[in-house]
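Below is one structure, written out as structure tokens, with a few remarks after it.
What follows draws every value from the coordinates through simple rules; no lab data is involved. What you see is a predicted model, and the numbers here were worked out from it, not measured in a lab. When we count neighbours, we look across all protein chains shown, and the Cβ atoms used for this are built from the backbone with ideal geometry, even at glycine.
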Number of protein chains: 2
Amino acid sequence: MTVDFRTEPAKYKHWKVSFDGPVATLAMDVREDGGLRPGYELKLNSYDLGVDIELYDAIQRLRFEHPEVGAVVLTSGKERIFCAGANIRMLNQSSHGWKVNFCKFTNETRNAIEEATAESRQSYLCAVNGPSAGGGYEMALATDWIILADDGSTTVALPEVPLPAVLPGTGGLTRLVDKRKVRRDRADFFSTLEEGIKGQRAVEWRLVDEVVPRSKLEETVKRRAAEHAARSDRPTGARGIALTPLARAIEGDRITYGTITCAVDRGRAVAEITVKGPGAPPPATLEATHAAGADFWPLALARELDDLILHLRANEEEIGIWVFRTEGSADLVEAHDRALQEHAADWLVREIRLYLKRTFKRLDVSSRSIFTLVEPGSCFAGTLLELALAADRSYMLDGALEGDTRKPAAVRLTGMNFGPYPMVNGLTRLASRSLDEPARADDLKRRIGVDLDAPAAAAAGLVTFTPDDIDWEDEVRVGIEARAAFSPDALTGMEASLRFGGPETLESKIFSRLSAWQNWIFQRPNAVGDKGALRVYGTGRRSEFDRRRV
Amino acid sequence: MTVDFRTEPAKYKHWKVSFDGPVATLAMDVREDGGLRPGYELKLNSYDLGVDIELYDAIQRLRFEHPEVGAVVLTSGKERIFCAGANIRMLNQSSHGWKVNFCKFTNETRNAIEEATAESRQSYLCAVNGPSAGGGYEMALATDWIILADDGSTTVALPEVPLPAVLPGTGGLTRLVDKRKVRRDRADFFSTLEEGIKGQRAVEWRLVDEVVPRSKLEETVKRRAAEHAARSDRPTGARGIALTPLARAIEGDRITYGTITCAVDRGRAVAEITVKGPGAPPPATLEATHAAGADFWPLALARELDDLILHLRANEEEIGIWVFRTEGSADLVEAHDRALQEHAADWLVREIRLYLKRTFKRLDVSSRSIFTLVEPGSCFAGTLLELALAADRSYMLDGALEGDTRKPAAVRLTGMNFGPYPMVNGLTRLASRSLDEPARADDLKRRIGVDLDAPAAAAAGLVTFTPDDIDWEDEVRVGIEARAAFSPDALTGMEASLRFGGPETLESKIFSRLSAWQNWIFQRPNAVGDKGALRVYGTGRRSEFDRRRV
């Protein structure tokens, strides 16, 4: 089956979105028989990838289609349960790769909740109105304010270690100690407690922000949401723009969007991705930009690149190398970048910049080798230059191939390379390449708008190799062939270790450290072997562990 | 077989130590037939745990026995090879646990090289006088100055990804981008290059610090070492103290040292560890402290605790819980802590403080659950209080058990809790417990020297639980039994995620992130399956990979 990440509210099975002025409510009401794949029932508001795809879509639409919304309440639409977390039976029947990819996407969605709160000023609150376990509590942890109903049954819990013998897979452990700053020994105790913690102790231990009698829950949530919304800088009178259905055609091994084409070469295990620069200058005014909406080139690019990355990650596991090219006019890319900078204060432009940021981050954390080829006719300027800066390796042709009369390739910096698109480590991609000499990234500001040919780009540290026409074809071919021959796992570990030098953040800790431990555990017989805890969970059989500590 | 970490220069098989005034040389000259276990030959200066145990011992002795040494040259004693890294055949025949534990110890030893350079002012330089691959280059990376011979064959390389399809296991990837700040795309290329890089390009890419003609190597190394030694603050006229043979008795399941006893309870999977406080006040003068040498209680404690941790990690894999107790006089512990503070500027006292720091760090990164029990008669003061602060969970008896007429338990802070013993995250254990309110750790300075009973210790955030006499026995028993029943792997991942909140350092990145990825790869069929690259390495057979990217 092919996983499709495109959806829209009319198609939601599991979420109900409602609005009350500046406050939106996202109510989780999972359809038991609505699993993405056969073989499991989504009981107790447990979720699978399909549930999370809807959540992801809802979060995006709230940002773009609802400028008036300043606060979002995440809650359960069911009476007796908040959320039981990721569906264990689904996990159990999934391949290793599916589990890991599922966790990565759900993590990205939790991060998007935090980013919406911090950067889009659409604050997420959580009304925990029933037991919340594992991924259920982790969803709450991604919000800015957790309100817990004080009754006999409503708890927060991370029972992954004591029950299925895995880790909370969506950042729970990291958020406990690094975001909520729960004392490490309390976090330890809590994370081994099947039944979780409720009431006042949950507040004392910093697990939630407030606890209120069940009878007061609705009223309290309403008040807190109004307070959060009142602190937002989002416009009250603006009109949202519609995220119109994404036009994508898949014909054989060719995937086509408006701004991107992707040719999947199965023999070489390569996805050849070409991003087309804008075909025309940006709209002349901010009003015209709003009117263009989803057709505005930077937004179309963000949406299409986002979808392509998700598609390839979920559906093309054996395609280990993504090769990026661009084609078009650097001047037009730069003109669009200028528009993104001039109108940075506008709510919609802010959203578009943030969406591009998230999409490039998604690229960085993808377990695929990323190569970029800079050739004549390309437009690696500003926003599109990020594709070269994100690459594990980039090749730039010095000069032109025989018979090609086009101008030699150039790359061009714009203001968008100097701040708006930080990686998960909090640094720009330029700064991440200049750890040895942090001033160099700033020095490069003087080169904004200048066409840098291959020697200049190499001297500026923007590209890896600059073969001339004699070496180009062989060097690129050999580089890709060699990459394709390496162990996919060794590459994943290597890339995760080399891409994010420098500082660490909550996000980088989740992706590079917590995820690595989880992946290890997902591979261990104590979890996934015949008698592993994840395997026997729910069968009535007991797990048996190899007791050796590693 | 039992691995013994105790050794001494007279017993070395693989290393030659020589001295030339303030410069020592550690020459690696591995005996092919000197493997720690049967089944492999240590060709090409490749190493196993036994080789590294000697290196570890040599580093320790240089610090304590040679105050006059300000610079140490690490080099090869063989003609045509520097070091080929960890022995692949050894890795291949080792269990998963052995591999992981081996990497942990070798990482700690590399970190000790960096710490000796930075804190003991015994600077390590590396003279790469032949091909240096994998762990061989990683050893060089741990030094402060890498000098490469410029000839046809001397290279640096990290061929783990292209050849055995694992990661460089001793911090190589992290040190490339985070210590040497090699640009990430160059690090990527270099780490996929079987043959490595030599000559001037190695300098340009920041892989080494200088390259010199083979004929000038000796002279250059000598000059650089003298320069480094000249910058040291170590005393020239002082006498070292002998690290006398460590007295350890293992009788059945009981391990006894001078300051520590350990009872291994196999049924419960628990090591009951009791640390005895000093039996007498510290020597009255610094001279007397030097005269006491290895018998000075803090140094004896560091050496014995270090050995016990290493012993349990390597030889008692199924003992998943380490329960720490202390017994003795808090006054005497505090008196020793005062001595460590008063004489902090003395080279020997500095070494002792650093050794304790490293030992507590070793405890933190051990994949064992750490519980601490604070009972009447204990002496959790200052240095020994670190054992409680390091614990995943601590229990402190509030009051006394029936019939026990001793004073209720107290804990006591000393100045040693406020700086000298940072964790791998760079924070003290107190600060790591106060991420929510960083000022609290400093506020606690006002309580230095005060006996804190259970309610006071709990209020100060120093202990987890404080059951009274009615609950004590059951609560402790149930806590330990529950822990013993969990999946060892899930606990390892959980503990690694919760222990190190807050900032990250080179060390924390290596232990918590690089190691996690390596462990995952060490578990993957692409490395260790029948056709995995590590498995077939050197057999002439070709590896076959599952090409799905995870």
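Could you check how many percent of all C-alpha pairs in chain A are farther apart than 36 Å?
Values: 52348 of 150975 pairs.
The calculated P(r) of chain A puts 35 percent of pairs beyond 36 Å.
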**Report entry** Cα gyration tensor, segment A:249-496 - rounded (a/c under 1.5), prolate or oblate
**Finding:** rounded
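What average count of beta carbons from other chains do you get within 10 Å of the Cβ of residues in B:430-437? Don't skip to the answer; put the middle values down first.
Details: counts 0, 0, 3, 4, 2, 8, 6, 1.
Per residue, the average neighbour count from other chains is 3.
If each DSSP helix of 4+ residues adds -39,500 (n - 2.57) and the sum is divided by the residues in chain A, what number results at 222 nm, nearest 500 deg cm²/dmol?
-11000 deg cm²/dmol
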Report task. Give me B:LYS104, A:LYS78 ranked fewest to most by other Cβ atoms within 10 Å of their Cβ, as a rough exposure proxy. Result -> A:LYS78, B:LYS104
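Counting Lys and Arg as +1 and Asp and Glu as -1, what is the net charge of the other residues whose Cβ lies under 10 Å from the Cβ of A:ALA409? Don't jump to the answer; show the numbers that get you there.
On the way: positive: A:ARG406, A:LYS407; negative: A:GLU375, A:ASP398, A:ASP451, A:ASP453.
Once positives and negatives cancel, what remains is -2.
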Query raised in the report: Measuring label to label, 7 Å along Cα→Cβ, what does A:VAL478 give against each other copy in nm, shortest first?
Result: 6.8
Query raised in the report: Put +1 on the Cβ of each Lys and Arg and -1 on the Cβ of each Asp and Glu in segment A:249-496; which of A:ALA390, A:PRO282, A:ASN315 then has its Cα farthest toward the positive end of the dipole?
Result: A:PRO282
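So which of A:LYS361/B:LYS509; A:LYS509/B:LYS99; A:LYS13/A:LYS276 end up more than 26 Å apart, counting from Cα to Cα?
Where the Cα-Cα span goes over 26 Å, the pairs concerned are A:LYS13/A:LYS276.
Give the relative contact order (percent, whole number) for segment B:10-230; include only Cα pairs under 8 Å separated by 6+ residues. List each step's numbers first, then the result.
On the way: 445 pairs, mean separation 41.1, N = 221.
Over segment B:10-230, the number comes to 19 percent.
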Report summary line: In whole Å, largest first, the alpha carbons of segment A:453-517 cover along the principal axes 45, 30, 10
**Report entry** Kirkwood Rh and Cα Rg combined as Rg over Rh, evaluated for segment A:112-197
**Finding:** 0.97
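Can you give the net charge of the other residues whose Cβ lies under 9 Å from the Cβ of B:ASP185, counting K and R as +1 and D and E as -1? Before the final figure, lay out the partial values.
Details: positive: A:ARG393, A:ARG433, B:ARG183, B:ARG184, B:ARG186; negative: A:ASP392, B:ASP188.
In short, +3.
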Report task. Take B:LEU207, B:LEU163 and order them by how many other Cβ atoms sit within 10 Å, fewest up front. Result -> B:LEU163, B:LEU207
Report task. Only Cα pairs under 8 Å and at least 6 apart count here; give the relative contact order of chain A as a rounded whole percent. Result -> 12 percent
Report summary line: P(r) over all Cα-Cα pairs of segment B:335-396, 5 Å bins from 0 to the longest distance, whole percent per bin, short to long, reads 4, 16, 23, 21, 17, 13, 6, 1
Query raised in the report: For the protein assembly as shown, rounded, prolate or oblate, judged on the Cα gyration tensor with a ≥ b ≥ c (square roots of eigenvalues), a/c < 1.5 rounded, else prolate if a/b > b/c?
Result: oblate
Report task. Taking GluC sites (Glu not before Pro) as candidate sites, keep only those in a DSSP loop with at most 10 other Cβ atoms within 10 Å, then name the longest stretch of chain B containing none of them. Result -> B:80-401
Report summary line: Straight-line reach check, A:LYS198, cutoff 26 Å on alpha carbons, 8 or more apart in-chain or any other chain, hits among lysines -> A:LYS43, A:LYS78, A:LYS179, A:LYS181, A:LYS216, A:LYS222
Report summary line: Sorting from shortest, the nanometre distances separating the label point of A:LYS222 (7 Å past Cα along the line to Cβ) from those of the same residue in the other copies are 8.8
Requested in this report: Kindly express, to the nearest 10 degrees and within the range 0 to 90, the angle between helix A:488-498's C-alpha long axis and the longest C-alpha principal axis of chain A.
Outcome: 80 degrees
Report task. Give the share of C-alpha pairs in each 5 angstrom bin for segment A:413-476, from 0 to the last occupied bin, in whole percents, shortest bins first. Result -> 3, 17, 23, 23, 14, 11, 8, 1
Query raised in the report: Just how far, in whole angstrom, is segment B:431-494 from segment B:287-309 if you go by their alpha carbon centroids?
Result: 28 Å
Query raised in the report: Put a point 7 Å out from Cα along the line to Cβ at B:GLY540; what are the distances to that point in the other copies, in nm, shortest first?
Result: 5.5
Query raised in the report: Considering only chain A, what is the antiparallel percent among its DSSP beta bridges, to the nearest 5?
Result: 35 percent
Query raised in the report: Which whole-percent values make up P(r) of segment A:10-230 when all C-alpha to C-alpha distances are grouped in 10 Å steps starting at zero?
Result: 8, 37, 39, 15, 1
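For A:VAL156, A:VAL30, B:VAL270, what ranking results if the residue with the fewest other Cβ atoms within 10 Å of its Cβ goes first?
Lowest to highest Cβ neighbour count: B:VAL270, A:VAL156, A:VAL30.
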Query raised in the report: Percent relative contact order of segment B:70-198, based on C-alpha pairs within less than 8 angstrom and at least six residues apart?
Result: 26 percent
Report task. Using only Cα atoms, locate the centre of segment A:395-416 and the centre of segment B:229-252, then give the distance between them in Å, rounded to an integer. Result -> 61 Å
